[in-house]
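What follows is a set of notes on a single structure, which appears directly below.
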Amino acid sequence: MATTPPKTDSMPVATSLSAETAGRVIRIQAFTLVWMTVEAAVSLAAAWTARSAALLGFGGDSAVELISAVVVLRRFRVTSHDVHAEERAAKIAAALLFVLAVFVVLASVLSLLGHIEPRCSAVGIALLILAAVVMPWLARQKRRLSVTTNSAALRADAAESAVCGYLALIALAGLAVNAIWKVGCADPVTALSLLPLIVHEGWEAMKGNPCCVVV
């Protein structure tokens with residue numbers, strides 16, 4: 001997933017772009033919206049079914065990234081640019097990430113104490129494999145377009161897509177260990193390892209800074 005875009009360009013990007021470039025940005029963001037909707041819904045449902053804290057962390061981050069994708073899409077679809085709207089969206093996303101971090105900690109602690117036993121999730125593993133392929137590709141496409149458009153918002157969104165790819169790999173490792181070797185503690189330990197990234201994204205969103213992840 002997901003830091004929302006920071007305070008970005010002072011001039012409307014859409015007015016200075018060719019129709020072809022703006023169309024490419026809108027198409028990649030529309031694809032992002034569809035993918036992130038499916039990714040968040042499936043991963044959160046799988047997290048509930050498998051009682052997986054790792055999938056909960058990944059799915060929650062995906063849901064927050066949806067907010068970022070909506071903001072960036074709106075950024076390129078309208079000629080006027082409401083900076084305050086982006087600031088509000090960033091703070092909302094940051095608050096959601098902090099709430100998500102609390103839930104991940106609680107679920108992980110309950111799992112480690114034996115109150116919740118994570119189960120194998122074939123659906124979750126399949127989704128994470130797809131996400132580990134799709135998200136880096138999306139990050140590369142957005143990075144190239146951010147250079148063409150000189151948009152800090154799009155560059156931040158590209159970084160979020162890269163982070164989502166990293167989260168998918170981390171969560172996949174935990175689920176695979178649990179599925180193959182039946183190591184129940186692998187899931188909550190993996191979930192806790194996601195916390196630094198989730199909290200960092202929330203903090204950067206609260207400050208209105210782009211994520212520093214290299215894509």
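Within the set of other residues whose C-beta is less than 14 Å from the C-beta of Glu117, count the net charge using Lys and Arg as +1 and Asp and Glu as -1. Every neighbour counted, the sum reads +2.
All other residues with a Cβ under 12 Å from the Cβ of Ala191 taken together, and with Lys, Arg as +1 and Asp, Glu as -1, what is their net charge?
Values: positive: Arg51; negative: Asp61, Asp187.
For residues surrounding Ala191, the net value is -1.
Quick check on the stretch 15-207: what are the equivalent-ellipsoid semi-axes from the Cα gyration tensor, as sqrt(5λ), descending, whole Å? With the √(5λ) rule applied to the stretch 15-207, the semi-axes are 33, 17, 12 Å.
Counting 0.36 nm for each residue step from Ile129 to Ala41 and taking away their Cα separation leaves a gain of 30.1 nm. In a fully extended conformation the segment linking Val70 and Val34 would gain 11.9 nm over its present Cα-Cα distance, using 0.36 nm per residue. A simple rule links phi to the HN-Hα coupling: the Karplus curve 6.51 cos²θ - 1.76 cosθ + 1.60 with θ = phi - 60°, which for the stretch 190-206 gives 5, 4, 5, 6, 6, 4, x, 5, 5, 5, 4, 4, x, 5, 5, 5, 4 Hz, with x for Gly and Pro. Inter-label distance, Arg88 to Tyr166: 3.1 nm, where each label sits 7 Å from its Cα along the C-beta direction.
What is the sum of charges around Val38, taking Lys and Arg as +1, Asp and Glu as -1, for the other residues whose C-beta is under 15 Å from the C-beta of Val38? All intermediate terms of the calculation are to be shown ahead of the outcome.
Values: positive: none; negative: Glu39, Asp61, Glu65.
Residues close to Val38 contribute a combined charge of -3.
From the alpha carbon centroid of the stretch 31-61 to that of the stretch 102-168 is 9 Å.
Spacing of the modelled spin labels on Arg144 and Val102, each 7 Å from Cα toward Cβ, amounts to 4.3 nm.
From Cα pairs below 8 angstrom and at least 6 apart in sequence, can you work out the relative contact order of the stretch 15-207, rounded to a whole percent? Write out the running numbers ahead of the final one.
Numbers: 258 pairs, mean separation 57.1, N = 193.
Taking the mean separation of contacting Cα pairs over the length of the stretch 15-207, I get 30 percent.
Where a number appears in this text, it was derived from the coordinates with a stated rule and is not lab data. These figures come from a predicted structure and were not determined experimentally. Every residue, glycine among them, receives a Cβ derived from its backbone with ideal geometry; neighbour counts consider all protein chains shown.
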